[in-house]
Amino acid sequence: MRNMIEANTAVKVRTWPGRVPAHVGIIMDGNGRWALSRGLPRIEGHRRGVEALRVTVRAAIEFGLRYLTVYSFSAENWSRPIEEVSDLMGLLKRFIRHDLGELQKAGVKVRVIGTRENLNPEILALLEEAEALTAANTGLTLIVAFNYGSRQEIAAAARMIAAKAASGVLAPAEIDEDFFAEHLDTAGIPDPDLIIRTSGEQRLSNFLMWQAAYSEFVFVPIHWPDFDRQALADALTEFSARERRFGGVTLSHQSAKVGG
Ligand code: IPE
Ligand code: IPE
Ligand code: MG
């Protein structure tokens, strides 16, 4: 038994982070269906989605989350009709211009993950401005996943690491999980404890696939524009009742007689 305990302590122990998750990721889905079911154009759903995002960021601050990652535009969303893509770009620009002041006042630190190459220069400048202005803030970190895709992120990390190895500054044996994670867009950010997806869909759609290895998932049947403070509170309550094991055995599942 003693040997087993010693062997176990050699394994990297991940500790239970407490009842409030430090990092919540949200796949904000269902804007289009929300609008369609009301006979409105899809853009109206996206507009109301921005409103829901504002409410959610305020609630995240109130509930004491440290990190909130929101999936705002996937690398695959470029395949939508050009008008919808341009509406979404317009909303992102307006969101940053309109809300950056409030975010700054609330001490929110903005970080953007996703591919920046080939982005519209105006959007790129706004994203960089949001990051630069809020860089020293110590409140909630709001991570905006924009032009983001996990597979692209992982492939980019592999390219960076391969280049280092090829140039001789890195020995392949030095590449471990932590080293790899430092080359992802999310370097320095803890993995999400909880991932919420609205609209009833139950898939990741290329969101934080590496980082979600041990995330809890909450799928809510409402569309994103209807998400609010109460919906976030409910998801946090569900999270707090989950038992995370990280591959180990928790107290409630251990046999009563240990050792002997
Ligand atoms: C989420 O809502 C917003 C983005 C993906 C940008 P959708 O636009 O995907 O809405 P549905 O899924 O079509 O209802
Ligand atoms: C995922 O939603 C991307 C965002 C919420 C930004 P999608 O609506 O693009 O995902 P799929 O196509 O239904 O998987
Ligand atoms: Mg969708």
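The values are calculated or read from the model by the stated rules, or taken from the named source; none is laboratory data. Here the structure is a predicted model, which means the values were calculated and not measured. Note that each Cβ is placed from the backbone with ideal geometry, even for glycine, and that neighbours are counted across all protein chains shown. Calculation scope for accessible area: heavy atoms of the full protein, side chains included, ligands and nucleic acids excluded. Shrake-Rupley method; radii C 1.70, N 1.55, O 1.52, S 1.80 Å.
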Out of all the residues in region 127-140, is one or more polar (S, T, N, Q) and either within 16 Å of ligand 1 (Cβ to nearest atom) or modelled with pLDDT under 95 (or both)? no
Region 220-250, residues that are more than 29 Å from Arg48 (Cα to Cα) and among the charged types (D, E, K, R): Arg242, Glu243, Arg244, Arg245
Criterion (under 17 Å from Gly25 (Cβ atoms), out of contact with any Pro (no Cβ under 9 Å at 6 or more places or on another chain), more than 16 Å from ligand 3 (Cβ to nearest atom) and in a loop (DSSP other than H, G, I, E, B)) met by exactly one of Asp234, Asp191: Asp191
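Condition check ((1) away from ligand 2 (no atom under 16 Å from the Cβ); (2) surrounded by fewer than 20 Cβ atoms within 10 Å (Cβ to Cβ); (3) not polar (S, T, N, Q)) across all residues:
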residue: Arg47; (1), (2), (3): no, yes, yes
residue: Leu53; (1), (2), (3): no, no, yes
residue: Leu68; (1), (2), (3): no, no, yes
residue: Ala75; (1), (2), (3): no, yes, yes
residue: Arg94; (1), (2), (3): yes, yes, yes
residue: His98; (1), (2), (3): yes, yes, yes
residue: Glu102; (1), (2), (3): yes, yes, yes
residue: Ile113; (1), (2), (3): no, no, yes
Determine the pairs where a residue that is under 16 Å from Ser37 (Cβ atoms), located within region 211-240, has a partner that is of a type in the set (Lys, Arg) and open to solvent by 10 Å² or more (accessible area, probe 1.4 Å) with Cβ atoms under 7 Å apart, the partner being 6 or more residues away or on another chain. His223/Arg33; Pro225/Arg48
For region 77-92 the number of residues that are open to solvent by 80 Å² or more (accessible area, probe 1.4 Å) and hydroxyl-bearing (Ser, Thr, Tyr) is 1
Any residue in region 24-48 that is within 11 Å of ligand 1 (Cβ to nearest atom) sitting within a Cβ distance under 7 Å of a residue that is open to solvent by 20 Å² or more (accessible area, probe 1.4 Å) and assigned to a loop (DSSP other than H, G, I, E, B)? List the pairs, counting only those 6 or more apart or interchain. Ile27/Ser205; Asp29/Glu201; Gly30/His223; Asn31/His223; Arg33/His223; Trp34/His223; Ala35/Pro41
What number goes with the only condition from (1) over 22 Å from Glu153 (Cα atoms); (2) within 16 Å of ligand 3 (Cβ to nearest atom); (3) among the polar types (S, T, N, Q) that Ser86 does not pass? (2)
Quick one: how many residues across region 17-45 are open to solvent by 60 Å² or more (accessible area, probe 1.4 Å), among the charged types (D, E, K, R) and away from ligand 2 (no atom under 15 Å from the Cβ)? 2
Selection status of Glu243, more than 26 Å from Ile113 (Cα to Cα), open to solvent by 40 Å² or more (accessible area, probe 1.4 Å), part of a helix (DSSP H, G or I) and charged (D, E, K, R): no
Restricted to region 118-154 and to residues being closer than 20 Å to Val55 by Cβ and of a type in the set (Ser, Thr, Tyr), the residue least open to solvent (accessible area, probe 1.4 Å) is Thr134
